[in-house]
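The values are calculated or read from the model by the stated rules, or taken from the named source; none is laboratory data. Just so you know, these numbers come straight off a predicted model, no measurement behind them. Cβ atoms come from the backbone with ideal geometry, glycine included; neighbour counts cover every protein chain shown. Just so you know, the surface numbers come from the protein's heavy atoms only, side chains and all, with ligands and any DNA or RNA stripped out. Shrake-Rupley method; radii C 1.70, N 1.55, O 1.52, S 1.80 Å.
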Amino acid sequence: MAVVGAGIVGCACAWELARRGLRVCLVDRGEVSGGTTGLGEGNVLCSDKEPGAELALARAGLALYAEIEELLGEEAGIRRKGALVVHADEDGWAAEPERLERIRAAGVECSLVTPADVREAEPELRGELLGASWFPHDLQCAPRAIARALARDAERLGAAVETGRRVDAIVVRAGRVEGLETAEGRVAATAVVLAAGAWSAPLARSAGLELPVEPRKGQLLRLEHRPEFLRCKVIDGGYMAAVASTGAGLHVSTVVETTLDGHVLVGSSRERRGFDLSVDPRVSDALLRAAAELVPGVRDLRVESAWAGLRPWLPGGLPAIGASAAADGLWIATGHEGAGVAHGPITGRLIAQAICGEPTDLGLETFRPGRFERARGVAAEH
């Protein structure tokens, strides 16, 4: 069994498979958690989801973090600080009570908060607002440390971790997976889990699966060290629309929080520009302007660094998780967009359960990798 991609999704897949006694080889062209996983905010959220398959995945993922915390302790960097979804737009605020009703019906604890209570809880939220929604169980963690710990424990359980090894293709003969073609030679495997994030499409194609995963660039700013600046994660009410947008152009919405190490983090942008990782000063300026409308104090904080990462985006907004009919032994675990940290551990468990013939914690039909072929008029997988 080979797993391609050593971000948090791939590491979780390798760990869950190794726990079940399978021989696993985890392969990545870089280091463990050297790509998207280590560049994000490290959030595990239900607050930014709509009821449906993704929220169900997020709930299961959030619950699994209790196990991760028990396994890794302080190394996981888990802070159960909650999230405030703040509304300054009348239309968005008018729709929020009904959204919360539906989310509560799906099993998520949340409540409406008045402007006065918002400002009492977070004094830095001095911008205009109509109210907010409070999600007390959303958390922040250290995703790079978690991915590396899972890879390390997978090795302890007998898995091989091959870093610095570029995978060029998935080898398929007579409709069956036979392994990986790498720059250093063949890796034999009767099954492959493709968890290479935004880099998954060409590898899927090499195995006969057209998977329309694309990189969706996001830019973040780290401001100066101010540990008490914000207690929880603050999300602009327009954030969900930016996540759900299908356009390739730039979308800016506000997330602001204090990180585990005490710096203030400001995001977030979304645009589809291929594998461009350059930092655009105009985007940085737009992020700061938008954040200052809610949290005026960010204007007074020094910008220490800025960087960009690539979220793996799929049309429709849901990841691809499960077996592919393109080749016997081909499994897909990618397309989580900005929720890879939240969905990574539960995706690893679902993949391992399915491979080992166990009942899965969630049904996988909605996440079927072959669902995109039907939209193109090609015979769909079943």
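Per the Debye formula with a single identical scatterer at each Cα and no solvent contribution, what log10 I(q)/I(0) holds for the stretch 135-260 at q = 0.09, 0.17, 0.19 Å⁻¹? Taking Cα atoms of the stretch 135-260 as identical point scatterers yields -0.46, -1.09, -1.16.
The trypsin sites (Lys or Arg not before Pro) of the stretch 111-163 that DSSP puts in a loop, and whose beta carbon has at most 13 other beta carbons within 10 Å, are Arg126.
Only protein atoms count toward the accessible area here, which uses a 1.4 Å probe; on the chain, the carbon and sulfur part of that area reaches 50 percent. Within the shell defined by Cβ-Cβ distances under 12 Å, the residues around Asp280 carry a net charge of 0, with Lys and Arg each +1 and Asp and Glu each -1. For the stretch 267-328, the list of trypsin sites (Lys or Arg not before Pro) that fall in a loop by DSSP and count at most 13 other C-beta atoms within 10 angstrom reads Arg302.
Rg/Rh for the stretch 257-297 (Cα atoms only, Rh after Kirkwood) is 1.03.
Phi angles across the stretch 39-48 convert, under the Karplus curve 6.51 cos²θ - 1.76 cosθ + 1.60 with θ = phi - 60°, into 3J(HN,Hα) values of 10, x, 8, x, 9, 10, 10, 10, 5, 9 Hz, Gly and Pro given as x. All Cα-Cα distances of the stretch 218-308, cut into 5 Å bins from zero to the largest, leave 3, 15, 26, 25, 18, 9, 4, 0 percent in each bin in turn. Summary value for the chain: 23 percent relative contact order, contacts being C-alpha pairs under 8 angstrom separated by 6+ residues.
More than 15 angstrom separation, counting every C-alpha pair in the stretch 141-196; what % is that? Above the 15 Å cut-off, the stretch 141-196 has 59 percent of its Cα pairs.
Compactness of the stretch 318-374 is given as radius of gyration and Dmax, 10.9, 29 Å, from Cα positions. The loop-placed GluC sites (Glu not before Pro) in the stretch 210-275, going by DSSP, that have at most 11 neighbouring Cβ atoms within 10 Å of their Cβ come out as Glu228. A 1.4 Å probe run over the protein chains yields, for the chain, 40 Å² of accessible area per residue, whole-number rounding. Net charge in the neighbourhood of Arg126 (other residues with Cβ under 14 Å of its Cβ; Lys, Arg +1, Asp, Glu -1) is -4. The orientation-averaged projection of the convex hull spanning the C-alpha atoms of the chain amounts to 18.0 square nanometres. Near Ser269, the amide H atoms lying under 5 Å from its own belong to Gln219; only residues 5 or more places off or on other chains count, and H is placed 1.01 Å from N.
Calculated on the Cα set of the stretch 78-201, radius of gyration then Dmax: 23.5, 66 Å.
Cα-Cα pairs above 17 Å in the stretch 1-69: how many percent? That tail contains 55 percent of the Cα-Cα pairs. Phi-derived couplings, Karplus 6.51 cos²θ - 1.76 cosθ + 1.60 at θ = phi - 60°, listed residue by residue for the stretch 86-101: 9, 10, 10, 9, 5, 5, x, 5, 4, 8, 5, x, 5, 4, 5, 4 Hz, with x used for Gly and Pro.
Principal axis extents of the Cα atoms in the stretch 40-112, from largest to smallest and rounded to whole angstrom, are 43, 24, 20. Taking a Cβ cut-off of under 15 Å around Ala6, the surrounding Lys, Arg, Asp and Glu residues balance to a net charge of 0, with basic ones at +1 and acidic ones at -1. So if the hydrodynamic radius of the stretch 1-123 is defined as the Kirkwood radius over C-alpha pairs, what does Stokes-Einstein give as its diffusion coefficient at 20 °C and 1.002 mPa s, in µm² per second? Once the numbers are plugged in, D ends up at 123 µm²/s. Once you divide the Cα radius of gyration of the stretch 279-323 by 2.2 N^0.38 Å, the number left is 1.71. Using only the C-alpha atoms, the convex hull of the stretch 265-382 corresponds to 152 Å³ per residue.
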